[in-house]
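**Q** Okay, here's the structure, questions in a sec.
The values are calculated or read from the model by the stated rules, or taken from the named source; none is laboratory data. Predicted model, so just to flag it, every value in this text is computed and none were measured. Please note that ligands, DNA and RNA were not included when accessible areas were found on the heavy atoms of the full protein model with its side chains. Shrake-Rupley method; radii C 1.70, N 1.55, O 1.52, S 1.80 Å.
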Amino acid sequence: MQSSLEAVLNHPAVWRGNDCARVAIPGVSTGFSELDAALPGGGWPAAALTEIYSEHPGSGEMRLLMPACARITGSGRWIALIGAPYIPYAPALAAHGVNLSRLKVVRASKAEERFWACEQALRYQDCGAVLAWFDHAPERAIKRLQLAAEAGNAIALLFRSARVIPASPAALRLQVERSPARTRVRVLRRRGSGLPTPIAIDLRDSPSIRST
C-alpha cells in the first residue's frame, strides 16, 4: 500500500502544495542556481510565456538571460530578438558564449508587427527562444502568444515596463530591480506554490550587451 502511494505521489501529474508545479518539458537553466530553484522546471520554462518587468531597459534583464542564450545557441537552435530598444553589442554577446550565427534580430516599430513576428518564430521548429519588447500589450495578444508558446517548445520571454503591471495569462512573471551591489529578481507569479522571497544575483562582472 505504501509503495502504491509513493508511486502516485511521484507521478509527474501530481503536484504537492509546497513545491513548484511540475512541468512536462524541462526548462533551460538560468545559470543561477538560486533562481533555478524558484522556477518550475528548474529554469526558464519552455512551451510557456514568461514576462520580465523592469523600470527601464538595461536593468540587468538581458544579462540574466545570457547563460541560457549561450546554451540554446550552443545546441544549434535559433534565438530571435524582436523589437529590442537598442542594437545588441555583438562582442559582449560573444563574450557570454552566445553563438552569433544562431541569432536573429528583428526590427519592428509597430506592436502588431512584433506580435506577428513572435508568433511565427515560436512556431518555427528550430527556434529555441524568442525575446521581445513591448511597452503596451493587449491581453488578447498576450493570450495568443501564450497559445503559440504552448504549441512549440521554445522559451518565450516578453520584456515590459514595471511602471504599470497589468493582469496577464503568462505562466511566469518576474520583476527585475537593479541596485549598486546586486540585481534583485522578484517572482510575481509562477505555477505551483506560494511566491518565494526576492532573489539577489550578482551581475556586476557580466559584460554589458548594450550597444554604445
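**Q** Just the number: Rg to Rh for region 51-153, Cα atoms, Kirkwood Rh, two decimals. Spell out each step's value before the answer.
**A** On the way: Rg = 13.3 Å, Rh = 14.2 Å.
Value, to two decimals: 0.94.
**Q** What is the Cα coordinate range of region 99-164 on the first, second and third principal axes, sorted by size from largest, in whole angstrom?
**A** 34, 25, 20
**Q** I would also like to ask the following. Over the chain, what number does the Rg to Rh ratio reach, with both radii from the alpha-carbon atoms and Rh per Kirkwood? Provide the component values of the computation, followed by the final result.
**A** Values: Rg = 17.2 Å, Rh = 17.7 Å.
Here the Rg-to-Rh quotient is 0.97.
**Q** Can you give the direction-averaged projected area of the convex hull of the alpha-carbon atoms in region 93-212, in nm²? Working shown, then result.
**A** Working: hull surface 36.6 nm².
The orientation-averaged projected area of the Cα hull of region 93-212 comes to 9.2 nm².
**Q** Between the helical axis of 61-74 and the dominant principal axis of the chain, each derived from Cα atoms, what acute angle in degrees is found, rounded to the nearest 10?
**A** 80
**Q** Moving on. Nearest 10 degrees, 0 to 90: what angle lies between the long axis of helix 111-122 and the longest principal axis of the chain (Cα atoms)?
**A** 50
**Q** Given 0.36 nm per residue, what is the gain on full extension from Ile165 to Ala94 after removing their alpha carbon distance, in nm?
**A** 22.3 nm
**Q** Let me know the shape class of region 89-136, please: from the alpha-carbon gyration tensor, a ≥ b ≥ c as square roots of the eigenvalues, rounded when a/c is under 1.5, otherwise prolate if a/b is greater than b/c, or oblate.
**A** Values: a/c = 2.78, a/b = 1.52, b/c = 1.83.
Note, shape of region 89-136 comes out oblate.
**Q** Find how many whole Å separate the alpha carbon centroid of region 145-173 from the alpha carbon centroid of region 36-104.
**A** If you average the Cα positions of each part, the centres end up 14 Å apart.
**Q** Right, here's the next one. Using a Gaussian network model of the chain with C-alpha springs under 10 Å, which one of Ala92, Ala156, Ala38 is most mobile by mean-square fluctuation?
**A** Highest fluctuation among the options: Ala92.
**Q** While we're here: When Rg is the radius of gyration of the Cα atoms in region 140-197 and Rh is its Kirkwood radius, what does Rg/Rh come to?
**A** Working: Rg = 13.2 Å, Rh = 13.2 Å.
Value, to two decimals: 1.00.
**Q** Take the alpha carbon gyration tensor of region 129-172, find the square roots of its eigenvalues, order them as a ≥ b ≥ c, and report rounded if a/c is under 1.5; if not, report prolate when a/b exceeds b/c, else oblate.
**A** Details: a/c = 2.16, a/b = 1.53, b/c = 1.41.
Note, shape of region 129-172 comes out prolate.
**Q** Using a 1.4 Å probe on the protein heavy atoms, what percent of the accessible area of the chain belongs to carbon and sulfur? It would help to have the intermediate numbers written out before the result.
**A** Working: 5810 of 10930 Å².
C and S atoms contribute 53 percent here.
**Q** Once amide H atoms are placed 1.01 Å from N in the peptide plane, what residues at a sequence separation of 5 or more from Leu174, or on another chain, have their amide H within under 5 Å of its amide H?
**A** Amide H neighbours of Leu174, under 5 Å, 5+ apart: Glu51, Ile52, Tyr53, Leu188.
**Q** Between Ile25 and Thr197, 0.36 nm times their residue separation minus their Cα-Cα distance comes to what?
**A** Separation in residues times 0.36 nm, less the Cα-Cα distance, equals 59.4 nm.
**Q** Still on this model: Where Rh is the Kirkwood radius over the Cα pairs of region 29-94, the temperature 20 °C and the viscosity 1.002 mPa s, what D in µm²/s does Stokes-Einstein return? Spell out each step's value before the answer.
**A** Working: Rh = 13.3 Å.
Rounded to a whole number, D works out at 161 µm²/s.
**Q** Next up: Name the long-range amide H neighbours of Arg210: under 5 Å, sequence gap of 5 or more, or other chain; modelled H, no Pro or chain starts.
**A** Under 5 Å from the amide H of Arg210 lie the amide H atoms of Tyr89, each far enough along the sequence or on another chain.
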